[in-house]
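First up is the structure itself, then whatever we jot down about it.
The values are calculated or read from the model by the stated rules, or taken from the named source; none is laboratory data. All of these numbers come straight from a predicted model, not from anything done at the bench. Virtual Cβ from ideal backbone geometry, glycine too; neighbours counted across all protein chains shown.
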Amino acid sequence: MTKIDLLLENLLKQDVAGAVVSDPVTINYLTGFASDPHERYMFLFLMADKQPLLFLPALDAARAKSVVNFPVVGYQDSENPWDKIKAVLPQTDFTKVAVEFDNLNVTKFKGLETVFTGAFVNLTPLIQNMRLIKSEDEINKMLIAGDWADKAVQIGFDNISLDKTETDIIAQIEFELKKQGISKMSFETMVLTGNNAANPHGIPGTNKIENNALLLFDLGVETLGYTSDMTRTVAVGQPDQFKKDIYNLCLEAQLSAQEFIKPGVTASEVDAAARRVIEKAGYGEYFNHRLGHGLGMDVHEFPSIMEGNDMEIQEGMCFSVEPGIYIPGKVGVRIEDCGYVTKNGFETFTKTPKELLYFEG
Ligand code: MN
Ligand code: MN
């Protein structure tokens, strides 16, 4: 059964016979066709008992036809897309039409209102649920994305120097990866030195790499449509004992959570497994974000690994484990691996060592 058939089957159970997919990532997930239409329109129309129809800018139509095995309709910039959609859709009178509430903007929503007669219901939760459990094929792609992240962080390590700035090192990482055929990072690469790492949303800039301090790398590589995400914090020179103690506390929390993960425990309990280690040591207030997030084709998906989320962890779920301790003006540490839940545990996509690594500036 294809993912589209499975989606339609689930929709029919809710008496929904029509759906409009507007998020390019969801379209890729369902069809294998990857494209970013930017401000133009791309919709995948799904109808019970009918073939799907992919509507998109004419310039992308030929490529789409080579990927999908159902009708593809392109529109020219000079054409009114809504008139064309009305003309080509075999059915527009549904009682209920599912659309992605979390993606659709108001302009698209108003356009779709002129096409369909039925009530709009939310497609987003169903898509999120389908994407929650990854197949073996998806996990294999994420292992490759993780392997690239390990390579990327190693390039970062090789470029540590007191002469360089945070953005110098980022430039070097991304330059080397691009030469090796990687076109996209999962998100903006972060290299943060010293006190800048003590800010969980610090922004890399022209700060020179500090000596006798910690240096944080948070990065991910997108490949084959899947993302990776990892953080390593390393020592430059000889940081003082306090910084090393905070590092080791963060590591203990990260490993405790990873060891705790298995099918049947809840997301909330996984968060607590890391958080209690940091709280016990008296630094709970400095770990001020959730433990982790799901990832897959998007770098942030479900499940959310946080207090209050009673979702049961299941085999095939993929998420990050990333405790951090940020003491403003003093020290910042985060250690992050993403991984997948196995029958009885958790395997990480990234393998870079986690004992505190030392580098000469
Ligand atoms: Mn993350
Ligand atoms: Mn990260």
What residue, among those in region 185-218 that are part of a loop (DSSP other than H, G, I, E, B) and crowded, with 20+ Cβ neighbours inside 10 Å, is nearest to ligand 1 (Cβ to nearest atom)?
S186
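Please specify each residue of region 13-29 satisfying the condition of being part of a helix (DSSP H, G or I) and farther than 19 Å from L89 by Cα. Spell out the reasoning first.
Of the residues in region 13-29, the ones part of a helix (DSSP H, G or I) are 13, 24-29.
Residues satisfying the conditions are K13, P24, V25, T26, N28, Y29.
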β-branched (V, I, T) and within 14 Å of ligand 1 (Cβ to nearest atom) - does that describe any residue in region 239-257?
no
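Among the listed residues L112, L143, L126, identify the single one that is within 30 Å of E174 (Cβ to Cβ), touching a residue at least 60 places away in the same chain (Cβ under 8 Å) and either assigned by TED's automatic domain parsing to the domain that holds E222 or more than 16 Å from the chain's Cα centre (by Cα) (or both). Step through it out loud before you land on a result.
Working: L112 fails: within 30 Å of E174 (Cβ to Cβ); L126 fails: within 30 Å of E174 (Cβ to Cβ).
Among L112, L143, L126, only L143 is within 30 Å of E174 (Cβ to Cβ), touching a residue at least 60 places away in the same chain (Cβ under 8 Å) and either assigned by TED's automatic domain parsing to the domain that holds E222 or more than 16 Å from the chain's Cα centre (by Cα) (or both).
Could you check, for region 307-325, whether at least one of its residues is farther than 22 Å from T124 by Cβ, surrounded by 19 or more Cβ atoms within 10 Å (Cβ to Cβ) and either away from ligand 1 (no atom under 13 Å from the Cβ) or of a type in the set (D, E) (or both)? Talk me through it step by step, then tell me what you get.
Kept after step one, since they are farther than 22 Å from T124 by Cβ, are these residues of region 307-325: 307, 315, 321-325.
Next, from what is left, pick out any that are surrounded by 19 or more Cβ atoms within 10 Å (Cβ to Cβ): 321-325.
Checking which are either away from ligand 1 (no atom under 13 Å from the Cβ) or of a type in the set (D, E) (or both) leaves us with 322, 325.
Yes; the residues of region 307-325 include at least one that is farther than 22 Å from T124 by Cβ, surrounded by 19 or more Cβ atoms within 10 Å (Cβ to Cβ) and either away from ligand 1 (no atom under 13 Å from the Cβ) or of a type in the set (D, E) (or both).
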With the structure loaded, tell me whether T231 is modelled with pLDDT of 95 or more and either within 15 Å of ligand 1 (Cβ to nearest atom) or buried (at least 24 other Cβ atoms within 10 Å of the Cβ) (or both) or whether it fails that test.
yes
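Within region 219-228, how many residues turn out to be within 16 Å of ligand 1 (Cβ to nearest atom) and either modelled with pLDDT under 95 or surrounded by fewer than 24 Cβ atoms within 10 Å (Cβ to Cβ) (or both)? Outline the logic, then answer.
Within region 219-228, the subset within 16 Å of ligand 1 (Cβ to nearest atom) is 219-222, 226-228.
From what's left, either modelled with pLDDT under 95 or surrounded by fewer than 24 Cβ atoms within 10 Å (Cβ to Cβ) (or both): 222.
Residues that pass the stated criteria total 1.
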Tally up the residues in region 228-266 that are farther than 24 Å from G146 by Cβ and either outside any helix (DSSP H, G or I) or in contact with a helix residue (DSSP H, G or I) (Cβ under 7 Å, 6 or more places away or on another chain) (or both), please.
8
